[in-house]
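The block underneath contains the structure these notes are about, expressed in structure tokens.
The values are calculated or read from the model by the stated rules, or taken from the named source; none is laboratory data. If you're wondering where the values come from, they're calculated on a predicted model, not measured in any experiment. Cβ sites come from the backbone with ideal geometry, for glycine too, and all protein chains shown count toward neighbours.
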Number of protein chains: 2
Amino acid sequence: MALHFTSEQRLDDGVLERRFTLGEIPGILWTPASASESAPVPLILLGLPTLGLQKMYARLAARARHAAADGFAAATIELPGSGERPRQAAFEQARADLRRAIQAGEPVSDEIIDALILPLVDQAVPEWQATLDALLPLPEIGGPVGYSGGVISIGIRLALRDPRIVAANLFAGSFVPRAMFEEARQVTIPLHVLLQWDDEGNDRQAALDLFDAFGSKEKSLHAHMGGHTGVPQSAGDAAAQFFTRHLT
Amino acid sequence: MALHFTSEQRLDDGVLERRFTLGEIPGILWTPASASESAPVPLILLGLPTLGLQKMYARLAARARHAAADGFAAATIELPGSGERPRQAAFEQARADLRRAIQAGEPVSDEIIDALILPLVDQAVPEWQATLDALLPLPEIGGPVGYSGGVISIGIRLALRDPRIVAANLFAGSFVPRAMFEEARQVTIPLHVLLQWDDEGNDRQAALDLFDAFGSKEKSLHAHMGGHTGVPQSAGDAAAQFFTRHLT
């Protein structure tokens with residue numbers, strides 16, 4: 001897929017923010033002021049939820065600027081069926097089924113979780129890999145690559161499938177299909193896993209089981225109080241230190 | 001109880017290490033080179049297991065030097081019935097019962113855990129408080145106080161009872177009597193809790209339940225791989241940052 005930069009701005013801390021399209025997929029690349037052909041920097045892929053890139057922009061840009069301050073480039077792309085990308089009937093149906101189950105106070109069935117997540121993973125993972133194919137040849141990007149946040153099943157599949165990704169910071173805050181536990185068992189790269197202990201929309205026991213399942217010898221779980229969006233600043237700092245240990 | 005300094009040495013990083021006795025209790029105080037009457041430093045109490053001060057010296061000194069590098073004094077005292085202090089028949093009996101249960105592959109009963117931990121907490125907590133009474137008047141020590149590591153039930157009782165302690169780093173790696181869960185619910189100070197996920201001598205589910213029980217609004221759980229003594233360097237760094245946030 002062809003990479004086209006569509007806009008470019010220099011942020012006040014010197015970070016270069018470039019919007020791009022990769023085929024039909026919108027994305028953003030942030031590089032620290034120091035990044036150059038003679039001093040290429042590692043890359044962190046910033047995962048995001050299905051809320052859409054524009055809605056998440058402020059939080060993504062803050063994470064990217066934190067990464068840039070640590071000497072890393074950061075990049076994100078719009079998920080399939082989200083934001084400005086064409087709606088997909090199957091996703092919309094799964095989201096409607098999820099909302100209906102939650103509003104009715106019913107448990108969210110494995111069928112709903114599978115329909116919501118598995119096709120998303122199947123479509124998104126090759127797109128993130130295509131993003132690496134397109135960005136890693138840039139002279140100011142040197143690798144290795146980390147993956148951080150977003151839909152955890154996408155992170156699991158990427159960590160398992162793409163050897164360019166050497167460390168992942170995963171947020172155990174979304175539904176996980178049972179089939180992903182089998183993939184989690186095969187993951188071996190270092191993992192830093194965040195869990196919001198009282199996340200209203202998350203199954204804590206499933207998150208603990210998933211952490212236990214990961215095959216990585218080096219993995220750590222960091223649970224904090226507060227709801228889904230209440231991850232404290234100190235948790236972000238610790239995740240940043242994790243990448244500094246593994247990407248530099 | 002009277003405080004007597006019995007020896008004093010300056011370590012290679014400038015840290016002043018002073019051994020003391022408090023009544024009959026041996027202890028060690030470490031202060032950073034910078035600590036003075038005009039620049040008093042906060043204090044971290046370094047908890048330890050019942051293995052004894054001399055056996056734990058190297059690890060305690062390493063933790064103290066890390067604390068000193070962050071601008072904190074650190075102090076520890078021998079637990080009752082441990083190290084050079086007089087053996088206590090009831091503790092020895094409880095330890096023998098514990099060893100026998102483990103060797104026989106039996107579950108460790110609530111009775112054994114209570115006999116092992118509750119009298120230790122009852123005796124140790126007033127001794128740690130007496131240590132604060134003795135050390136806080138020193139001109140180079142300014143407070144506030146943090147508690148770190150060791151037997152977690154002692155940390156829970158201290159966090160609950162002594163308002164001079166404003167933050168605690170607890171290691172969920174020892175048996176916890178059911179009665180301590182009720183005290184844990186009443187703790188309100190910020191907590192940083194470490195758990196070794198595959199700690200061979202620890203009950204993981206009990207540790208997760210204990211973390212859930214703590215009443216503190218600000219609490220976080222950090223689980224790492226490796227056995228009881230395998231806490232990684234990065235976990236020590238994160239605990240140090242926790243104290244920097246709460247004691248300065």
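Could you list, in sequence order, the residues of segment B:69-82 that are touching a strand residue (DSSP E or B) at 6+ places or on another chain (Cβ under 6 Å) and among the hydrophobic types (A, V, I, L, M, F, W, C)?
Listed by number, the residues that qualify are B:PHE72, B:ALA73, B:ALA74, B:ALA75, B:ILE77.
For A:ILE189, all conditions in the list (1) in contact with a strand residue (DSSP E or B) (Cβ under 8 Å, 6 or more places away or on another chain); (2) in a loop (DSSP other than H, G, I, E, B); (3) more than 14 Å from every other protein chain (Cβ to nearest Cβ) hold save one; what is the number of the exception?
Of everything listed in (1) in contact with a strand residue (DSSP E or B) (Cβ under 8 Å, 6 or more places away or on another chain); (2) in a loop (DSSP other than H, G, I, E, B); (3) more than 14 Å from every other protein chain (Cβ to nearest Cβ), A:ILE189 misses just condition (3).
Evaluate the following for A:ILE117: is it under 30 Å from A:VAL15 (Cβ atoms), at pLDDT 95 or above and hydrophobic (A, V, I, L, M, F, W, C)?
No: the conditions fail for A:ILE117.
Of everything in segment B:205-227, what is more than 9 Å from chain A (Cβ to nearest Cβ) and assigned to a helix (DSSP H, G or I)? Give them in sequence order.
B:GLN205, B:ALA206, B:ALA207, B:ASP209, B:LEU210, B:ALA213
What number of residues within segment A:192-204 satisfy the criterion of being in a loop (DSSP other than H, G, I, E, B) and within 13 Å of another protein chain (Cβ to nearest Cβ)?
Residues meeting the conditions: 2.
Looking at A:GLU127, A:GLU106, which is the one that is outside any helix (DSSP H, G or I) and of a type in the set (Asp, Glu)?
The unique qualifying residue is A:GLU106.
Hey, can you tell me all the residues within segment B:63-98 that are farther than 26 Å from B:ASP133 by Cβ and assigned to a helix (DSSP H, G or I)?
Of everything in segment B:63-98, those that are farther than 26 Å from B:ASP133 by Cβ and assigned to a helix (DSSP H, G or I) turn out to be B:ALA69, B:ALA89, B:ALA90, B:GLU92, B:GLN93, B:ALA94, B:ARG95, B:ALA96, B:ASP97, B:LEU98.
Identify the single condition in (1) assigned to a strand (DSSP E or B); (2) within 20 Å of B:VAL125 (Cβ to Cβ) that B:MET56 does not satisfy, given that it satisfies every other one.
So the condition that B:MET56 fails would be (1).
Quickly run through segment B:6-19 and pick out the residues that are in contact (Cβ under 8 Å) with a residue 24 or more places away in the chain and under 17 Å from B:ALA134 (Cα atoms).
Within segment B:6-19, just B:GLU17 meets the criteria.
Collect the residues in segment B:1-27 that are in a loop (DSSP other than H, G, I, E, B) and surrounded by 18 or more Cβ atoms within 10 Å (Cβ to Cβ), keeping them in residue-number order.
Across segment B:1-27, the qualifying residue is only B:VAL15.
Can you tell me which residues in segment A:228-241 are small (Gly, Ala, Ser) and either more than 9 Å from chain B (Cβ to nearest Cβ) or assigned to a strand (DSSP E or B) (or both)?
Passing the criteria: A:GLY230, A:GLY236, A:ALA239, A:ALA240.
When residues of segment A:154-174 are filtered for being farther than 18 Å from A:LEU221 by Cβ and either out of contact with any strand residue (DSSP E or B) (no Cβ under 9 Å at 6 or more places or on another chain) or not in a strand (DSSP E or B) (or both), how many remain?
8
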